Amino acid sequence: MFKKITAATFATALIVPGFALAQSADTDGDGMVSMSEFQAAYPEAGADVFSSVDTDADGALSEEEITAAQEAGVLPADG
């Protein structure tokens, strides 16, 4: 039981930073982070960084894409 709770807590800790960034950067509230929203959140990052994070190439970043980029060290975890 303790291992399950610990694993769930750990998994949540990994997801929360990406979720927080996605919520704060998603200024229009559509659930995705557009290029302009990304540039506002990360003014030092260019279009090449956005493209590398946008793994499904749909032109917007999902929570999952942001979290994966943070875990890979492409984006800082603190937004």
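Worth pointing out:
Results for (1) modelled with pLDDT of 90 or more; (2) surrounded by 16 or more Cβ atoms within 10 Å (Cβ to Cβ); (3) of a type in the set (A, V, I, L, M), shown as yes or no for each residue.
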| position | (1), (2), (3) |
| --- | --- |
| M1 | no, no, yes |
| T9 | no, no, no |
| T12 | no, no, no |
| F19 | no, no, no |
| F50 | yes, yes, no |
| D58 | yes, no, no |
| E65 | yes, yes, no |
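- Residue in the stretch 59-77 that is free of Cβ contacts under 8 Å to residues at least 12 places away in the same chain and among the hydroxyl-bearing types (S, T, Y) present: no
The values are calculated or read from the model by the stated rules, or taken from the named source; none is laboratory data. These figures come from a predicted structure and were not determined experimentally. Neighbour counts run over all protein chains shown; Cβ positions are idealised from the backbone, glycine included.
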